[in-house]
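The values are calculated or read from the model by the stated rules, or taken from the named source; none is laboratory data. Values in this document were obtained by computation on a predicted structure and should not be read as measured data. Using ideal geometry, Cβ is built from the backbone for each residue, glycine included, and neighbour counts are taken over all protein chains shown.
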Amino acid sequence: MKNAQKTGEAEHEDLLVRRIMNGTVIDHIDAGEALNVVKILGIAGTTTEALSIATNVMSGQMGKKDIVKLSNRELSKDEVNRIALISPRATINIIRNFKVYQKKGVEIPTLIEGSVRCPNPGCISNTNEPIKSKFAVLPNGLRCLYCDSVITKDLTSHII
Ligand SMILES: Nc1ncnc2c1ncn2[C@@H]1O[C@H](COP(=O)(O)OP(=O)(O)OP(=O)(O)O)[C@@H](O)[C@H]1O
Ligand SMILES: [Mg+2]
Ligand SMILES: [Zn+2]
């Protein structure tokens, strides 16, 4: 039964998104967050990336989830850390020759450097100084290490 269910899920998914030969499948993205994941990957507007996105599909584990499939590309540690911030249950599957070559979860980092913009316009990290933004990750948001501003909601709009 478990296998039958699993096959069913895979087949269903294959109707939505094509199999890829090499690249990355970001699975178990929080429902509705796929486009924010795509933004984190730096993909916007006109693109030459081969990308499939499925949003709000049924998942045995999560109720609903989103999936992003990206051909011929593996993610940097920085990109994975940013994805963790908006989808802590995401799974990163590296695909080689059509098979899952490696599967790993994401981890919320304790310190975020350079990928989030401080909401305080007067913050030194928003000046022309060659300073990377730095945030401590708190249970309920992010705190700027330069000016103590806290971002508690709509994190995505602050991701650089
Ligand atoms: N060649 C491929 N092209 C596109 N997507 C793939 C390919 N191989 C696997 N996937 C997708 O990658 C994800 C992980 O595949 P896997 O076979 O490990 O599924 P799973 O056993 O359901 O994994 P999990 O236990 O993480 O949910 C699934 O969403 C699957 O559809
Ligand atoms: Mg699965
Ligand atoms: Zn600041």
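Could you please find all residues in the range 50-72 being in contact with a Leu (Cβ under 8 Å, 6 or more places away or on another chain) and either basic (Lys, Arg) or at pLDDT below 90 (or both)?
If the condition is that a residue be in contact with a Leu (Cβ under 8 Å, 6 or more places away or on another chain) and either basic (Lys, Arg) or at pLDDT below 90 (or both), then Lys69 is the only one that fits.
Results for (1) loosely packed, with under 13 Cβ neighbours inside 10 Å; (2) farther than 22 Å from Val37 by Cβ; (3) within 16 Å of ligand 2 (Cβ to nearest atom); (4) free of Cβ contacts under 8 Å to residues at least 60 places away in the same chain, shown as yes or no for each residue.
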| residue | (1), (2), (3), (4) |
| --- | --- |
| Glu113 | no, no, no, yes |
| Gly122 | yes, yes, no, yes |
| Ser133 | no, no, no, yes |
| Ala136 | no, yes, no, yes |
| Leu155 | no, no, no, no |
| Ile160 | yes, no, no, yes |
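Look at Ile53 and say whether it is in contact with an Asp or Glu (Cβ under 8 Å, 6 or more places away or on another chain), assigned by TED's automatic domain parsing to the domain that holds His28 and away from ligand 3 (no atom under 14 Å from the Cβ).
Yes, satisfied.
Out of the residues in the range 47-71 that are surrounded by fewer than 12 Cβ atoms within 10 Å (Cβ to Cβ) and closer than 24 Å to Met21 by Cβ, which is farthest from ligand 2 (Cβ to nearest atom)?
Checked the range 47-71; the qualifying residue farthest from ligand 2 (Cβ to nearest atom) is Thr48.
Just for the range 40-58: of the residues that are touching a residue at least 40 places away in the same chain (Cβ under 8 Å) and in contact with a Lys or Arg (Cβ under 7 Å, 6 or more places away or on another chain), which one is farthest from ligand 1 (Cβ to nearest atom)?
Result: Ile40.
Looking at the structure I just gave you, is Ile94 within 20 Å of Ile29 (Cα to Cα) and modelled with pLDDT of 95 or more?
Values: within 20 Å of Ile29 (Cα to Cα): yes; modelled with pLDDT of 95 or more: yes.
The answer is yes for Ile94.
When you look at Asn36, is it over 30 Å from Leu138 (Cα atoms) and either away from ligand 2 (no atom under 16 Å from the Cβ) or modelled with pLDDT under 90 (or both), yes or no?
no
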